[in-house]
Structure formats: C-alpha cells, structure tokens
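Novice: This is the structure, below, for whatever I ask next.
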Amino acid sequence: MAADVHDLAPHHLPMFVPSADGSDPLMTIMLVALIVGLVFAGAFYLHLHSLPERLAHRHHRVQFDLVAIMALIALFTHNNIFWVAALLLAFVPIPDFFSPLQSMAASLSRMAGRGDDDGGLASGADPDVEADPHSGTRPSGATEA
C-alpha cells in the first residue's frame, strides 16, 4: 500500500477520504444515518399528529369522532389550524345538554300521564283502558298499580 501512495501525499490519510477503489465509508455511514433519521422523524410526526385523537379517546370525550376527522384533515392538507382546533376540542369537555333535556321530557310526560315505554299509557295502567287525555284522571275502569 505504501508503494501506491504518491511521494507528495501525506502518509496518513483521514478515514473520510475515499479510497482508490471508490468505496466511501463516510458517505455510507451518513446514508444509513439519514434513512434512520427520516424513519424516526416520520414516526414522531405521525405520533404528534395523532395526539388530539389519543387525548379525546383517553378522556372518553363525546366529540371523539370530530377530533379524529379534524386530525386527519390536518394530516392530509397540512393546514395546522385543523390540528390546533382538534387539540383544543380534545382538551375542552363539551357539556352534555341532551341528558337533562331527556330527563325533563320524561318527567313531564309522566306528569302529563303519558309514559315513555308503554305506548303513551300511564305507568301501571291497564292497557285495555285508555286514560282521558284532557281530565288528567283515569276512567273508572282503570286500576292503580
């Protein structure tokens, strides 16, 4: 090997200088590092993009589907406002307005003499005898349960 080196060349060449056969070890190391870095960066990017969806799923939010759709839109369109909105929706609990309204409706229907689950009859009434809707009282044939 010493006979192949030119007289003016230094006797000790650094490792990043390619050899005469064309192999370049530094380029090979950097290529592998670049590929591994891109894979890790892509995995981190996808993990970060799924953050609002995972938060909404973990906290059992009602708006989970909306958060998931907004995160997908942000992923495919690269509009970050969708991701920020999905993150805010995942953190903020939307109050349940329908449960109290359904409870009020059921209570009012019981007070009016119309049951929820027995086809408009008061609870405990005889199905053969219908209640008078205008008087609020039962006919004489109805029995109290």
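The values are calculated or read from the model by the stated rules, or taken from the named source; none is laboratory data. The structure presented is a predicted model; accordingly, all values stated were derived computationally and were not measured.
Novice: In the list Ala106, Ala74, which residue meets the criterion of being at pLDDT 55 or above, assigned to a helix (DSSP H, G or I) and more than 30 Å from Glu53 (Cα to Cα)?
Specialist: Values: Ala74 fails: more than 30 Å from Glu53 (Cα to Cα).
When all the criteria are applied, what remains is Ala106.
Novice: Just to verify a result, which residue in the range 77-103, among those that are in a loop (DSSP other than H, G, I, E, B) and under 30 Å from Phe44 (Cα atoms), is modelled with the highest pLDDT? Step through it out loud before you land on a result.
Specialist: So in the range 77-103, the residues in a loop (DSSP other than H, G, I, E, B) come out as 78-79, 92-97.
Okay, now just the ones that are also under 30 Å from Phe44 (Cα atoms), so 78-79, 92-94.
Numbers: His78: 81, Asn79: 85, Val92: 82, Pro93: 79, Ile94: 77.
Of everything passing the filter in the range 77-103, Asn79 is modelled with the highest pLDDT.
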